[in-house]
Every structure is written in C-alpha cells, then in structure tokens.
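Following: one structure in structure tokens, then a few remarks.
Laboratory data are not the source of any read-out in this text; all were calculated from the coordinates shown. A quick note: this is a predicted structure, and the numbers were derived from the prediction, not measured. We place every Cβ from the backbone using ideal geometry, glycine too, and count neighbours over all the protein chains shown.
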Amino acid sequence: MSHDPSGITERLKAKFAGIAERTASQDQPTFYVPCQHALAILTYLKDDEGFSLLLDVTGVDYFPAQPRFEVVYHLFQPLTVIRLRVKVKLGEGEAVPSVVGLWPGANWPERETYDLFGIVFDGHPQLTRIYLPDDWEGHPLRKDYPTTGRRAD
Amino acid sequence: MASETQVVNHKPEAGVSPSDTMVINIGPQHPATHGVLRVRLELDGERVVRAEPVIGYLHTGFEKSAETMTYQQCNTLTDRLDYLAPMTNNLAYVLAVEKLMGIEVPKRAQYIRVMFAELTRIASHLVWLGTHLMDMGAMSPFFYMLREREVILDLIEAASGVRMNPSYFRVGGIAYDLPEGFMNKLGDFLKDFPRWMKMYRNLFEDNPLISERLKGINVLSQEGCLAHSVTGPMLRGSGLALDLRRSAPYSSYEEFEFEVPTRSEGDSFARLWVRVDEMYQSAKILEQCLDKITPQGVYMTSDGKVALPPRDQIYGDMEALIHQFKLVTAGFPVPAGEVYQGVEGPRGEMGFYLVCDGGPRPYRWRARTPSFYNLQTLPVMCEDGLVADVIVAIGSVDIVLGDVDK
C-alpha cells in the first residue's frame, strides 16, 4: 500500500528544510516540521496543496521525554479526500505559532489545547481557557496531572 | 456576576458607544440552548453586535479518563459524547482501534453496524427537527417526533439492552447477535416511516411561518464553512457534497446505494432540508439492510485476542475461561502506533485520533467532535442579525453539548 499517493512528501522536502517524515506505525502521511517553519509550511499546504479543511488541532504529552509535547494538526482535502498529519515538537514553556489566521476554525481547538496542555499558541486572538474555569490550576491532559485527588504534591 | 465583565474584555464596534449596547446572557440554563450552552450577546436594540458562545459547562474530562481505561472500556465513553447518536461514535472508535490492530470484521457485523448507524441518524435528526421547530414556536411536532424516536430506541433496546448509551459495537464486531424477530420489527418501522414523514412534512412544508422564518438567515458560505472546519449537514447545506460514507467509505458503505442531499443556499432553510432529505436516504439504506443481513451468522471476529470466547466454552474449557478473565480484566494490547478514523455522524465528521504505546490502555485518546467545531460559526452567522435569529442559529447548528464539551 502506498503511503503517500499524491507525492506531497517529495514536494514538501524540496521546498522546506528540516522536514522529517515518519512512516512507521502511521495510518496516513505524517510529518514532523520544525516549530519556526510551521506557519510557513502550513500556509503552503493550505494555499498550494489544497488542504482547505483543518480537521483537528490537538496535543500529545510524552512526559518525561524531551521535548515533551507534540502539537498535531490533521489536514483534509475535501475533494480528493487526502488526509495529512503534521506534527510540531515542543518543549515546556515554548510557543507554537497560531494558525487562526489561516483557518479561523483553529480558534477553539487551540484554546482547548492551551487549556488542557498549557501549550501556548503565539498570535492567537484570545488565548484563554475554554473548558475549565479561569482560575483553575494546572493542565489536566498533562501526564503528570493526577486523575484522582486534588494535586500531585 | 461582577467578575464576568472583567474576564471578557469586549470592545464595542466602531460607531457604537458602550452606552448604546446591552450585554445579555442566553443560557446556560435556557430551553433554547439545547443543554448548557451560554451565549454572551452584545445587543444594539434588537441587532446583535457580538455573539460569543461560552462553553465548558458539561466538560467531563473524557480524554483524561480514557487514558486510565482499557480499549474496550473506552467504548462506553464514546456513547456519552454525542448522546443523541451513540452508535456513530461507537463506530468511529471501534474502526480506529480495528484499523490499528488490522482486524477484519465479518461482513454481517459490518452491515449491522451500518444499520444501527443509520437508525441513530434518523433518531438524532428527529430530535433535532422537533426541537428546531419548537424553538420557532411550533410545539406539537416535538411530541410527535419524540414518539417516533421512541420506536427507534425500542429497536436499539431490543438489540443492546438499553435505550441510550448502548456501547453495542465492540472492537472486532458487535456485542450480541440480533434478537429473534428483529428484522421484522425493522421492516415494520420502515413501513411506517414514510407515513410519519408525510405527516411531519405537512406540519412544516409549505408553511410560510417556517419558510419565511428560515430563508436567508444565518447564511454560511462554502468557503466560510471550510475555513471554520465545519462538516456534515451544515457543509452540505452550503453546496459541498462531502459525505464520508460516499467519499471515503467505511464499514462496507460502498455496497449501499444512497444519495448525498446537498443545497447551495447555505441558510437555515437549506440545512433543514438537507437533514430532512438525509432521513429518507437513511431509510433507503435500512431497506437494503433488510436484504443484506441474514438472520443467522457470525457477528464477531474469530480473533481470540480481542473476541470473548463463546459462552458454552467458558463453562467447560479452562483455556476459554482464562481468556475471558484476561480480556475482561486486563484488556487486550494494541500495537504501538497512531491512527485517525473519521466517520460521517449526524452532525459531521466524528473522528478519533489514538496514540497507542503497545499497552492495553490508550496513551492519548482524542475525540474530534463535530459540534465543537460547528458551534464556532455561531458568531459568524449571528453578528449583524437580529436577536431572534440567534435561537434559530443555535438550532440550525444542531449542537449536542456532550459533543461540544467532552
């Protein structure tokens, strides 16, 4: 089974430096992109490759690995039904550029990722908690956040 | 609440001085918000200057809970996301796990899954239609539609044992075989269905109160839908025929004949008709299920690593007993990897993104819920409109707050 029938991998690698493809254990084309080029690459994918629908933005915490976070974007081409997964690795306290300017639909999922992981999206118009109360302490989806009790310490 | 005004630092629009506008809250306890949604409205007379949905009142932390549960147990969480369409949530989730494990599901189980996915689609659309019309002041359709929905819930109960939150689909197949006489009951339902629909349509079709109320309001362009990650009937109401059952078939949908209803206007009226037409298409799929699903047959994969051993073996065979015990208590391991699987739910693309580390519990369990994304368009639809149209817009998005807040 061909993993990437549309040849996006080659075009991306020719255009941008630092792109790492991950083929093992993935069900769809997956790339790691460097944080500083993430916005440029996602702009290219939207404008030139036709990924007009941003399906999802979320995070994964790989604590205690370093860098601990991954921000995961799921992109979709509505006409050809091609899916793409783009990942950005991120350490604690680092920020990833917001894509609200590209897809306004990223507004809430980025707020959700901020709320539940504490990942900061640079340039987001209103980066406040979305689910939890504003005075909540901690970010529940982090792996060092306990599922029982009030606090870890 | 005094603190509320400090948290949301709103700026009045140009030309409107702060004293001219009024800020009111609709919800979180309001019958027209279909649950615990709060919309913070800034009004200039009857004109909406700003509309801001405030969510999180039903946040239950499913994604965190799932990390402590086995893969089979997580299935029960999916029911409670979009509680009006539990079967499509089940379907998205079990397909994701099966995709990662490479499990082949028997054809008959795939058809049964399609059947229940379509039954829930009709049930969900019935609730939506009833409440949507009720929001506009038509009380009686709601009672009729809940009555007919009850027939579908009876069918679900007959198969799974419960009306809501059935968790009927399991990784590898379905939980139990269909009860005796189930297909006859489904046949009866399908015989009655056109008659009911005719009655409903008499209530709102050609009714100027409905069409004049809905036409031309809360318009979303196709580009606006795509930019805001909108999927499902809202996107099809704006002219893009994107239906995963057709464009990326799963669970043998490619063997069924149906059409994808589409409208180009992008207003609330278009979305109403897309959903009503969809119910007929679901009934058409169910008709084909009557022929395809045999009364007897396999309903679970034979892979003993995920399927529970047959009941009669458990009482006589030590191996089977151990397998049963291990599968129920420890769960089955899922190979390390990542997977995303989306299905066409009644509200749009319901997807699951799983990160697995090789153990019996998911490392990360992400639900891509359609209502969460679709509700983001509320400000786009409502701003510069009238306050009465906000209620119609909320109904027109077809939100389920369990789906929004997770």
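Of note:
- Seen against the Cα atoms of chain B and their longest principal axis, helix B:318-329 is set at about 20 degrees.
- To the nearest ten degrees, helix B:182-204 and the longest principal axis of the Cα atoms of chain B are 10 degrees apart.
- The length gained by stretching the chain between residue B:329 and residue B:192 to full extension, at 0.36 nm per residue less their Cα-Cα distance, is 44.9 nm.
- Rounded, prolate or oblate (a/c below 1.5 giving rounded, otherwise prolate when a/b exceeds b/c) for the stretch B:62-405 by Cα gyration tensor: prolate
- Angle of helix A:38-47 to the longest C-alpha principal axis of chain A, folded into 0 to 90 degrees and rounded to 10: 50°.
- Cα gyration tensor category, rounded, prolate or oblate, for the protein assembly as shown with a/c compared to 1.5: oblate
- For residue B:180 and residue A:32, a Förster radius of 51 Å and the Cβ-Cβ distance give a FRET efficiency of 0.40, rounded to the nearest 0.05.
- Among B:163, B:347, B:245, the ranking by other beta carbons within 10 Å of each residue's beta carbon, starting with the fewest, stands as B:163, B:245, B:347.
- Positive-end residue of B:308, B:343, B:253, charge dipole of the stretch B:240-348 with Cβ unit charges: B:308
- The residue A:122 and residue B:384 beta-carbon pair, evaluated with R₀ = 22 Å, returns a calculated FRET efficiency of approximately 0.15.
- The residue list B:183, B:264, B:140 was ranked by how far each Cα lies along the charge dipole of chain B toward its positive end, using unit charges on Cβ atoms, and B:183 comes out on top.
- Point-to-point label distance, residue A:20-residue B:215, nm (Cα→Cβ direction, 7 Å offset): 5.9
- Taking the number of Cβ atoms within 10 Å of each Cβ as an exposure proxy, the fewest-first ranking of A:136, B:273, A:108, B:128 is A:136, B:273, A:108, B:128.
- Relative contact order, percent, the stretch B:218-261 [alpha-carbon distance under 8 Å, six or more residues apart]: 28
- If only the Cβ of Lys and Arg carry +1 and only the Cβ of Asp and Glu carry -1, the dipole of the protein assembly as shown around its Cα centre is close to 740 debye.
- Charge dipole magnitude, Cβ of K and R +1, D and E -1 - the stretch B:303-406, Cα centre, debye nearest 20: 460
- Magnitude of the charge dipole, chain B, Cβ model with Lys/Arg +1 and Asp/Glu -1, debye to 20: 560
- Subset of B:64/B:406; B:305/B:326; A:15/A:87; A:46/A:87; B:326/B:406 violating a 19 Å alpha-carbon distance limit: B:326/B:406
- Measuring r between the beta carbons of residue B:146 and residue B:252 and using R0 = 30 Å, the FRET efficiency lands at 0.45.
- Once the Cα-Cα distance is subtracted from the 0.36 nm per residue extended length, the residue B:201 to residue B:67 segment shows a gain of 43.7 nm.
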